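All remarks here apply to the structure that follows.
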Amino acid sequence: MPKISRITTQKKNKQRYNIFVDDQYAFSVDEDILVQYTLRKGMEIDQETMDELVRKDGFHKAFTLAINYLSYRMRSEKEIRTYLDEKEIDEEKVEYVVNRLKQENYMDDGEFAAALVRTRIHTSSKGPLLVKKELIEKGVSPHVAEDAMQHYTFDVQVEKATKWVEKKLRLDGKKSFREQIQKVQQTLMQKGFPKDVITEAMANVEEENDEDAEWEAVVYQGEKALRKYAQKAEGFELKHKLKGALYRKGFSFELIERFIEEYVDGRE
């Protein structure tokens, strides 16, 4: 009967061991397999046992690979499967790894989804629609994703959207308040906030309109339009073009008339 003649630690991985049988390299195993089967020098071992150890070690390596992948952050089942497939782990081992991860509570799509939602709430500007889409893309089932979204309550959505609006408004003093409002609303929709949340967040924004900033903006846009149209038009036609351009920019008739009076009529 062949015997294990030597056991050495691998240089690049101290958790793996090379097994020599009758002074010839036979196979390698992880430390857990070594301990589990009490492999030692002088132990008799047949080919069938060696094949079984190699097989067991293959499953263990796949599991260890998944654990290392999970060490960086929580993963969905789909992410685990995709990762193992990319590492060319065969289907039998993938199923073993996934089942074991579930049994030992290393992987739970419900907990993963809830954690991702909480993280996105605190670290991103994504609205609930984009967060739910992200969960689905990561392989979380629709009903699990829906349950996780309960953490992203309506009040939290409104609070987050409102803070973003307050932060972004008036950063561009060259645009009318109305145009800024429209742009903010459009961006919130793109970020995945539903209409009722946007409406709630914008409810009191109009009251914050800064008249001085609005006048500075109409002057900036008006002078820009004046330079454009003054070369080809004058009198009534020029005023008509200016009014149309500034109205499209979201300025009120009162401010437009004031600009015309001060910057066009006043220079004639």
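I'm spelling it out carefully: the read-out is Cα extents along the principal axes in Å, the candidates are (i) 45, 42, 33; (ii) 75, 60, 32; (iii) 112, 39, 26, and one was derived from this structure. Which label? Evaluating Cα extents along the principal axes in Å on these atoms matches (iii). Extension gain, Ala115-Glu95: 0.36 nm per intervening residue step, less the Cα-Cα distance, totals 4.8 nm.
The alpha-carbon of Lys228 sits under 16 angstrom from the alpha-carbons of these aspartates and glutamates, leaving out residues fewer than 8 places away in its chain: Glu237. For region 225-268, the extents of the C-alpha atoms along the principal axes are 24, 19, 15 Å, listed from largest to smallest.
Partner aspartates and glutamates whose Cα lies under 19 Å from the Cα of Lys132, excluding those fewer than 8 positions away in the same chain, are identified as Glu77, Glu79, Asp108, Asp109, Glu111, Glu146, Asp147, Asp155, Glu159, Asp196. In this rough spin-label picture, where each label sits 7 Å from Cα along the Cβ direction, the Lys228-Ser141 distance is 5.6 nm. Cross-link pairs exceeding 18 Å in C-alpha to C-alpha distance, out of Lys78/Lys133; Lys78/Lys102; Lys61/Lys87; Lys174/Lys224; Lys3/Lys41; Lys138/Lys163, comprise Lys138/Lys163. Can you tell me the FRET efficiency between Trp215 and Val35 if r is taken as the Cβ-Cβ distance and R0 is 51 Å, rounded to the nearest 0.05? With R0 = 51 Å, the Cβ-Cβ based efficiency is 0.05.
Got a sec? Charge dipole of the chain, +1 on Cβ for Lys and Arg, -1 for Asp and Glu; which of Leu65, Ile121, Ala213 is way out at the positive end? Of Leu65, Ile121, Ala213, it is Ala213. Between Lys195 and Leu70, the modelled labels are 4.4 nm apart [label points 7 Å from Cα along Cα→Cβ]. If the chain linking Thr153 and Thr49 were pulled fully straight, counting 0.36 nm for each residue of separation and taking away their Cα-Cα distance, it would gain 31.7 nm. Using a Gaussian network model of the chain in which every pair of alpha carbons under 10 angstrom is joined by a spring, one finds that among Thr38, Thr199, Thr153 the greatest mean-square fluctuation is at Thr38. In the context of the full protein assembly, His143 retains an accessible surface of approximately 120 Å², using a probe radius of 1.4 Å and ignoring ligands and nucleic acids.
GNM remark for the chain: springs join alpha carbons under 10 Å apart, and the peak mean-square fluctuation among Arg100, Arg81, Arg73 falls on Arg73.
Name all residues of region 104-138 having a backbone nitrogen under 17 Å from the label point set 7 Å from the Cα of Glu86 along its Cα→Cβ direction, giving them as ranges. Only 137-138 pass the distance filter. Under the rule of -39500 (n - 2.57) per DSSP H run of 4 or more residues, summed and divided by the residues of the chain, what mean residue ellipticity at 222 nm is obtained, to the nearest 500 deg cm²/dmol? That comes out to -19500 deg cm²/dmol.
Connecting C-alpha atoms closer than 10 Å in a GNM of the chain, tell me which of Lys102, Lys168, Lys41 has the biggest fluctuation. Maximum among the listed residues: Lys41.
The values are calculated or read from the model by the stated rules, or taken from the named source; none is laboratory data. These figures come from a predicted structure and were not determined experimentally. For neighbour counting, all protein chains shown are included, and Cβ atoms are generated from backbone atoms with ideal geometry for every residue, glycine included. Accessible surface is based on the protein model in full, side chains and every heavy atom, while ligands, DNA and RNA are left aside. Shrake-Rupley method; radii C 1.70, N 1.55, O 1.52, S 1.80 Å.
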